[in-house]
1. Once fully extended, how much extra length lies between Asp195 and Leu143, figured as 0.36 nm per residue of separation less the alpha-carbon to alpha-carbon distance?
2. For the range 73-232, what class follows from the C-alpha gyration tensor (a ≥ b ≥ c being the square roots of its eigenvalues): rounded when a/c is under 1.5, otherwise prolate if a/b is larger than b/c, else oblate?
3. So, with +1 on the Cβ of K and R and -1 on the Cβ of D and E, and no other charges, what is the size of the charge dipole of the range 116-161 about its Cα centre, to the nearest 20 debye?
4. Treating only the Cβ atoms of Lys and Arg (+1) and Asp and Glu (-1) as charged, compute the dipole magnitude of the chain about its Cα centre; round to the nearest 20 debye.
5. About its Cα centre, how strong a charge dipole does the range 161-232 have in debye, to the nearest 20, once Lys and Arg get +1 and Asp and Glu get -1 at the Cβ?
6. Using the Cα centre of the chain as origin and beta-carbon charges of +1 (Lys, Arg) and -1 (Asp, Glu), tell me which of Phe223, Ala42, Leu72 is placed farthest towards the positive end of the dipole.
7. Take the cross-link list Lys151/Lys210; Lys134/Lys156; Lys41/Lys73; Lys23/Lys175 and give me the ones stretching past 22 Å between alpha-carbons.
8. Between Lys186 and Leu72, what is the label-to-label distance in nm when each label sits 7 Å out along the Cα-to-Cβ direction?
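Here, each number is a calculation from the coordinates, and none is a lab measurement. Every value quoted in this text rests on a predicted model; they were computed, and no experiment measured them. Cβ atoms come from the backbone with ideal geometry, glycine included; neighbour counts cover every protein chain shown.
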Amino acid sequence: MNAIVSNLQAVRHVIMQAALEAKREPADIELLAVSKTFTPKAIREAYEAGQREFGENYLQEALDKMAALEDLKIVWHFIGPIQSNKTRAITENFAWVHGVDRLKIAQRLSEQRPLDLPPLNICLQVNVSDEESKSGVEPGQLLELAQEVSKLPRLKLRGLMAIPAPADDEANQRKPFAQLRKLSHKIVERGITLDTLSMGMSHDYVAAIKEGATIIRIGTAIFGARDYGENK
Ligand SMILES: *Cc1c(COP(=O)(O)O)cnc(C)c1O
């Protein structure tokens, strides 16, 4: 068995354990395999082991892989920072976008979404760590953004996403995830339907599952360490 297949099995096992401890259904936690910097061959191996959802951060790299993997039924998620001149290619090629933190970007994704595709699934990225992070809407501005995005016709607002600052122990990892969960509840109380919490990466997904993550975004634990080489 190759490394990717055994890594995937190990991650699935940890998901099961964490779900059990949290008294949650493992099926309610979607594993998103983050394949940035990895080859189409690596993605194909994960696919053959049953993985269907893949996340990419860099548009051109993702488009190249999509072309190479056209024969597979992959659900592609865009999880990187979104530049406004890239929205058309993103909305034409992906099923999900996780990093939306500005109305202008959401409007463009909606306007440019091809009519023959279903609405684009959106997660709003929230800046939950207290430190100066460059991306993510501030919690105080989140409700207004959610209200505006939920009105856009070619988008389907699914939930919230966060990339908290790394913390060493599970208790500290859980704090920002708990904050994201509470923010989500507040939006739902205002009558906006959300069903997704995209939170947790290789180093903190157990904590995220315990705070209600419904999508965990895992790269290193599946594909190994990334080598950004000279182009990234
Ligand atoms: C790279 C990346 C991940 C995966 O990180 P790992 O630590 O390798 O699991 C998850 N989410 C986002 C937004 C990323 O950019």
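1. Numbers: separation 52, 0.36 × 52 = 18.72 nm, distance 1.55 nm.
Taking 0.36 nm per residue and subtracting the Cα distance, the gain is 17.2 nm.
2. Details: a/c = 1.72, a/b = 1.18, b/c = 1.46.
It comes out oblate by the Cα gyration axes.
3. On the way: 5 positive and 7 negative charges, 74 e Å.
Taking the Cα centre of the range 116-161 as origin, the dipole is about 360 debye.
4. On the way: 30 positive and 31 negative charges, 106 e Å.
Dipole size: approximately 500 debye.
5. So the dipole magnitude of the range 161-232 works out to roughly 300 debye.
6. Sorting the options by dipole projection puts first Leu72.
7. Over 22 Å apart, Cα to Cα: Lys151/Lys210; Lys134/Lys156.
8. Label-label distance for Lys186 and Leu72, simple model: 3.9 nm.
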